[in-house]
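Note sheet for the following structure.
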Amino acid sequence: MKEIYLDNNATTKVDEAVFEEMRPYFCELYGNPSSMHFFGGQVQKKVDEARSRVAALLGADPSEIIFTACGTESDNTAIRSAIEVFPNRRHIITTRVEHPAVLTLCRNLTKHGYRVTELNVDGAGRLDLDELRKVVDEDTAIVSIMYANNETGVVFPIEEIGQIVKEKGALFHTDAVQAVGKIPLNMASSTIDMLALSGHKLHAPKGIGALYLRKGVPFRPFMVGGHQEKSRRAGTEATSSVIALGKACELAGQHLDDENTRVKGMRDRLERELMAIIPASRINGGGAERLPNTLSIAFEFVEGEAILLLLSEKGICASSGSACTSGSLEPSHVLRAMGVPFTCAHGSIRFSLSRFTTDEEINAVIKELPPIIQRLREISPFGRELLKKQ
Amino acid sequence: MWDYTDKVKEHFLNPRNVGDIADADAVGEVGSLACGDALKLFIKLDDNKERIVDAKFQTFGCGSAIASSSALTEMIKGKTLDEALGVTNQEIADFLGGLPEEKMHCSVMGQEALEVAIAKYRGGPLPVHHDHGHDQEQEGEIVCKCFGLTDGFLKKVIAQNRLHTAEQVTHFTKAGGACGGCIPKIKELIAEVLGEQKQDAPKRPEKLTNLRKMQLIQEVLENEIRPQLWSDGGDLELIDIAGATVQIAFRKACAGCASSGYTAKFVEQKLRDLVSDDIVVEEVQQ
Ligand code: FES
C-alpha cells in the first residue's frame, strides 16, 4: 500500500535536495563554525549562506535571523525576552486559538503575576480587531498572535494587528510556523518585531527553527552561554540542520507561486468534491482567508478518530480535530473557540497538502472518504437518523 | 496513533451486530453528541424472557467505542439478564485483548448502556450516569458537570477498577477531562473508596515475624503496587524498612507528580490491607 501523506501541517518530508545539501556536514565538513581554523571557517561560510537564504524568504536582513532548535523555542524566546525588556509592563495579549507553544507559556506566566488576554475568534476563526484595540494598553509588553492557524489554515490580518500594537508601544510577535513558505512575507515593510518559524514544516529536518528579530528591537536571550548567534542564542549551532533550513527556505521561495496556484487548486478541488458528495459536512474557517494548502472539514454525527483509522486502512494520512486522538476529551481548542457545534467538532478532519501532493492522491481521497463517512453514519445512532431523513 | 490490539482493530473494522432490533425487549441509550460518544443498545430475550438471544448496537464514537460495543453484544448473547449485568467494563476490555487506559471509558460506556437497558426493562429506577439521559431520575450528586457524572457512579468505577489517581478516573469515565474543575472532588472520592476498601480488607497473616513482615512488604510492592504504577508510566523504589515505617521514593512519572501524595496514601493503604495495620509509608526524595 502506497501512503498518501496529507498531514503536512504536522510535519513535512525532507526535500531530497535539502538532504543532499546537509549531508556533507556530518562526517566530512564537521568543523565548529566558531573555530578559528580553516576547517571551521568553511562551515561558518555555509552557515552565513543559510542565514541569508532564510532572510531572503522573509524579506529580512541576515543579521535579523537567529537560529534556534524549533518553533517552540523561537516563540518562548520572543515572549520571555519581551517581558524581560519591559519589567514594568505586566500584560500579554494572545489568542484562544494559538499553538500550545505560545498558549501554554502565556498561561504559565499568569502564575507569575502576568495578566494574559486571550482574544476570541468568530465562527469562521477570524479575530475581532476592535477587541484587540480595547485591550491593548500601556501595560502590554507583548502581543503574540499567530500568522496562520495550524488547524483551519485561517490567516490573520497581521499587519493591521501590528499597527494597533505599535500605537501602544508594545512588541509584536507572530508564530508564523504555518505561514512561512506558504504565503509571501516581507519583513522590510512589516510591523512584526519578532517572528518564529520551524524547519520541519517546510521540508527541512525536525529540530531546527529560527527567530526573526527586527533590528533595533530590544532583546534578552533565552539561552545563555557562549557567544554564538551574536550572544543572542548560546549553544553550538546545529550546522547541518541550519544549512538544511537555508536550502529549504530557498526552495520554498521558488515554490511560493506553485503553492498558491497548483497546490491551492488541488485543495480547492478536494474541498469542492467532498462537499458535493458528502451531505451534512462543512468547512471549518470556510468564510475566512486561509492558507492555500489546508482543508479542515467537519462531518456531522461521526467521530474523527474512527474516520482517521479507516482512512489509514486505505493508506491515507490526515489529522483530526477530535479529542479522541489526543487522549483529551474535548474537541480541539481551536474548533471550540470558533464555536463549531459539537455535532461537527468531533468529526473534523484536517487535510494539509504540500508541493509533493499529486492529483492522483487527491483523487484517492475523493474516492475513499465518502464511503467511510457513509459507513460510520450507518453505525452511529445520530447518523442513522440523518440517513433516514435523506 | 493508539496502540490498539488486533482484536480491537478487528471489531472496529468488522463490527458485529450493528443495527437495531425492531421488537427489542430492552433498549439502553447513553452518551451524547456533545460528549463525543454515544451508544444505543438493543436486547431481545427468548420466549421465556430469560436469556438474551440477540443484541444489536449503534455507536457514535472512536475506534475503541465501536469495538467495545461490538464486543459487548457478542459477550451478552446467551446470558440471562443477571449474568449480563455481571459483565464488567474490565471484562469488555479483556475480551478485546485490552484497551489503552485513555480509552477505558469506552468499555465503561458499554456497561452503562447495558445497565440502563435492563433497568428500563425491569421497570426499576434507572441508574444515573450522565445527566443527558433526560428521562433519568437524578440520583446522587453530580460531581463532574462537564460530563454529568455522579459521585455514586464514579465511586463504583473507582472501586471496581481499583483506580487510585484522578487521571485514571478521567480515562475510565471522562470525569475531569474537560475543565478539570471536578478533579479535587474526584480525589476525595478516591480517598473515600480507599477508606471503604480498608474495612472489608482481605485476610492477611495474623502474626508476623520482622523478617516475614519485611518479605511481605517487598512482595506486595513488587506484585501489587509497582505494576499499577507502571501502567501510569510511574514507578517507586523501596528505600528502607524500619519497624513499621516503609520509606519509598517515587520514580518516573510519579516523581514530581502533583498527586504523588495520593499515590503514597494508596501504597500505605495497600500495605496495611495486605501486611499489617501499623504500616506508615514515608515518601523520601532520593
Ligand atoms: S466538571 Fe468535570 S471536567 Fe469539568
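See the values below:
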| item | result |
| --- | --- |
| Among residues of the stretch A:342-379, those that are under 24 Å from A:GLY123 (Cβ atoms) and of a type in the set (Gly, Ala, Ser), counted | 4 |
| First in the stretch B:178-191 and without any contact (Cβ under 8 Å) to a residue 40 or more places away in the chain, second anywhere and within 6 Å of the ligand (Cβ to nearest atom) and not in a loop (DSSP other than H, G, I, E, B), Cβ under 6 Å, 6 or more apart | B:CYS182/B:CYS144 |
| Selection status of B:HIS134, within 14 Å of the ligand (Cβ to nearest atom), modelled with pLDDT under 90 and either of a type in the set (Val, Ile, Thr) or out of contact with any Ser or Thr (no Cβ under 6 Å at 6 or more places or on another chain) (or both) | no |
| Considering residues of the stretch B:142-155 that are within 16 Å of B:VAL193 (Cα to Cα) and not hydroxyl-bearing (Ser, Thr, Tyr) only, the residue nearest to the ligand (Cβ to nearest atom) | B:VAL143 |
| Residue list for the stretch B:166-193, filter: of a type in the set (A, V, I, L, M) and at pLDDT 85 or above | B:ALA166, B:VAL169, B:ALA175, B:ILE183, B:ILE186, B:LEU189, B:ILE190, B:ALA191, B:VAL193 |
| Answer residue from the stretch A:298-313, given it is touching a residue at least 12 places away in the same chain (Cβ under 8 Å), at the interface with another protein chain (Cβ under 9 Å from one of its Cβ atoms) and part of a helix (DSSP H, G or I) and is nearest to A:LEU335 (Cα to Cα) among those | A:GLY304 |
| Filter pass, A:GLY253 being without any contact (Cβ under 8 Å) to a residue 40 or more places away in the chain and surrounded by fewer than 21 Cβ atoms within 10 Å (Cβ to Cβ) | no |
| Output for the stretch B:17-56, where each listed residue is in contact (Cβ under 8 Å) with a residue 12 or more places away in the chain and among the small types (Gly, Ala, Ser) | B:GLY19, B:ALA24, B:ALA26, B:GLY28, B:GLY31, B:SER32, B:ALA34, B:GLY36, B:ALA38, B:ALA55 |
| Close pairs from the stretch A:23-36: first of a type in the set (Phe, Trp, Tyr), partner surrounded by 12 or more Cβ atoms within 10 Å (Cβ to Cβ), Cβ under 6 Å, at least 6 apart | A:TYR25/A:THR239; A:TYR25/A:SER240; A:TYR25/A:ILE243; A:PHE26/A:SER240 |
| Matching residues in the stretch A:351-390 - criterion: being touching a strand residue (DSSP E or B) at 6+ places or on another chain (Cβ under 7 Å) and not in a helix (DSSP H, G or I) | A:PHE351, A:SER352, A:SER380 |
| Leading residue by the ranking (nearest to B:ASN89 (Cα to Cα)) among those in the stretch B:156-188 that are within 15 Å of the ligand (Cβ to nearest atom), aliphatic (A, V, I, L, M) and part of a loop (DSSP other than H, G, I, E, B) | B:ALA175 |
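The values are calculated or read from the model by the stated rules, or taken from the named source; none is laboratory data. If you're wondering where the values come from, they're calculated on a predicted model, not measured in any experiment. Cβ atoms come from the backbone with ideal geometry, glycine included; neighbour counts cover every protein chain shown.
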